[in-house]
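Structure first, commentary second.
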Amino acid sequence: MKAVVAVAGNGLTRLIEVDSPVPDDDEVLIDVSAISVNRGELHRLRGAQPGWRPGWDFAGTVAASRCHDRTSFIPGQRVFGIAGGGGAWAEQVVVPADHLAPLPADLDDEIATALPVAGLTAQRVLRLAGKLPGRHLLVTGAAGGVGRFAVQLAAEAGAEVTAVVRDEARAAGLTELGSHRVVTDLRLLTRDYDVVLESVGGASMESALDLVAREGLVVSFGNSARIPATLPVARFYPKQAVLRGYYLLDDIVTHPPARDLATLAHLAARGSLRVDIDMVLGIEALPQVLCALSDRLIAGKAVLRMR
Ligand SMILES: NC(=O)c1ccc[n+]([C@@H]2O[C@H](COP(=O)([O-])OP(=O)(O)OC[C@H]3O[C@@H](n4cnc5c(N)ncnc54)[C@H](OP(=O)(O)O)[C@@H]3O)[C@@H](O)[C@H]2O)c1
């Protein structure tokens with residue numbers, strides 16, 4: 001089968017022939033039809049060993065299942081899910097059965113494949129915040145994959161959401177997703193936020209600690225800018241606020257995502273969760289897509305078809 005591999009730690013990839021993976025007990029082999037690209041994979045590829053197999057998000061059909069409960073997945077069934085160890089940018093992938101969910105009949109595989117990493121991260125960082133109705137929530141990187149889901153899920157749960165985006169062009173659609181306010185400059189914000197979802201890093205992370213309310217919560221889950229932050233602790237600690245890190249790929253090991261994936265698929269299928277897909281191309285276009293992601297030319301998600 002064909003699979004994407006890292007070339008030499010410089011972010012470059014190649015599509016080559018490799019052996020098909022073989023499922024172990026409680027694992028499922030999937031014929032992959034579509035994958036999506038996350039900023040995290042771009043970061044990983046830059047430091048990857050040659051031969052490393054990227055790819056977390058996939059949709060496709062079950063080729064074989066070695067689940068004890070043989071009724072849980074059957075060959076030919078449409079599914080989508082997350083390969084926490086990578087390797088999903090391939091014609092076939094093997095994952096534990098609890099990292100998969102069935103695809104509703106009315107949900108396209110190109111839409112479903114955009115859900116796992118970005119949707120689960122949004123869902124789970126919001127869960128850390130506890131009750132949301134009436135609380136003020138700040139989302140940085142709001143025009144990105146995770147950001148667009150976080151804005152929607154938070155607004156749907158009753159939070160007052162402020163979205164932070166790069167410029168007016170990137171603000172497009174954020175109000176429709178549920179943002180009560182969309183800003184391009186964090187320094188103009190004057191109110192405190194009960195919860196800050198921070199994934200940009202650098203000055204954005206510094207502002208997050210400044211803007212969090214007394215006894216509020218900052219969840220740091222990314223550093224898209226790849227810039228270290230100088231943390232203004234003197235203003236932060238008197239507020240007795242909490243700074244919390246989050247890492248999905250560890251979390252799904254201890255808390256398998258099958259049920260959350262099913263919820264995301266259900267919301268997307270009934271139109272309650274909008275999936276903004278900027279481009280759908282063939283897997284051969286992966287190098288161009290990675291360049292576009294690096295140059296911040298993608299608004300929402302990029303999806304690639306495997307077959
Ligand atoms: N900890 C975890 O488990 C976890 C899980 C998923 C993602 N992440 C991290 O969370 C972040 C968001 O992921 P994603 O997949 O949603 O990424 P994405 O789709 O590329 O979105 C990134 C967003 O951040 C904004 N941004 C602001 N400054 C940026 C800069 N200097 N460089 C790049 N982007 C910048 C982008 O703005 P524009 O729209 O204007 O380009 C974009 O809206 C990434 O850093 C990712 O690695 C972490």
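The values are calculated or read from the model by the stated rules, or taken from the named source; none is laboratory data. Just so we're clear, the structure is a prediction, and the values are computed from it rather than from any experiment. Because the Cβ atoms are built from the backbone with ideal geometry, glycine has one as well, and the counts that use them run over all protein chains shown. When the accessible area is computed, the model is the full protein with side chains, heavy atoms only, and any ligands, DNA or RNA have been set aside. Shrake-Rupley method; radii C 1.70, N 1.55, O 1.52, S 1.80 Å.
Data for the structure
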read-out	value
Extension gain (nm, one decimal) between Arg259 and Ser20, 0.36 nm per residue minus Cα-Cα	83.3 nm
Diffusion coefficient, µm² s⁻¹, Stokes-Einstein with Kirkwood Rh over alpha-carbon pairs of the chain at 20 °C and 1.002 mPa s	109
Relative contact order for the chain, counting Cα pairs under 8 Å that sit 6 or more residues apart, in percent	18
The stretch 153-171-the stretch 83-135 distance, computed between alpha-carbon centres (Å)	21
Förster-model FRET efficiency, 45 Å R0, Asp167 and Met1, C-beta, rounded to 0.05	0.60
Using alpha-carbon coordinates, inclination of helix 116-128 to the longest axis of the chain, degrees	40
Length-normalised contact order for the stretch 233-307 - Cα pairs under 8 Å, 6+ apart - percent	28
Amide hydrogen neighbours beyond the local backbone of Leu12, cut-off 5 Å, H modeled	Val7
Within the chain, percent of DSSP bridges classed antiparallel, to nearest 5	55
Accessible surface, the chain, averaged per residue in Å² (probe 1.4 Å)	44
The stretch 157-163 - phi-based ³J(HN,Hα) in whole Hz, Karplus 6.51/-1.76/1.60, Gly and Pro as x	7, x, 7, 8, 9, 10, 9
The stretch 119-248: relative contact order as a whole-number percent, Cα under 8 Å and 6+ apart	21
Cα lying deepest toward the dipole's positive end in the stretch 192-307, options Gln240, Thr230, Val195, charges on Cβ	Val195
J(HN,Hα) series, the stretch 283-294, from Karplus relation 6.51 cos²θ - 1.76 cosθ + 1.60, nearest Hz, glycine and proline x	4, 4, 7, 3, x, 5, 5, 5, 5, 5, 5, 4
Accessible area of the stretch 119-248 belonging to carbon and sulfur atoms, whole % at 1.4 Å probe	52
Spatial extent of the stretch 29-165: Rg and Dmax, with the Cα atoms as the point set, Å	16.7, 49
For the stretch 38-50, Karplus couplings with θ = phi - 60° (6.51, -1.76, 1.60), whole Hz, Gly/Pro x	10, 4, x, 5, 4, 4, 4, 4, 5, x, 7, 5, x
Extension gain (nm, one decimal) between Asp295 and Arg187, 0.36 nm per residue minus Cα-Cα	36.5 nm
Set of the stretch 236-251 residues, backbone N closer than 12 Å to the point 7 Å along the Cα-Cβ line of Arg214	238-241
Computed log₁₀ I(q)/I(0) - Debye formula, equal Cα scatterers, no solvent, the stretch 159-203, q 0.14, 0.16, 0.17, 0.33 Å⁻¹	-0.33, -0.43, -0.49, -1.41
Residues with amide H under 5 Å from that of Leu273, placed H, sequence gap 5 or more	Ala268
Between 0 and 90°, nearest 10: helix 145-156 axis offset from the chain longest Cα axis	60
Of all DSSP beta bridges in the stretch 148-307, antiparallel share, percent nearest 5	0
All lysines inside 22 Å of Lys131 as judged from Cα atoms, apart from same-chain residues fewer than 8 positions distant	Lys239
Inverse mean reciprocal Cα-Cα distance (Kirkwood Rh) of the stretch 119-248, Å	14.2
Amide hydrogen neighbours beyond the local backbone of Met306, cut-off 5 Å, H modeled	Ala34, Ile35
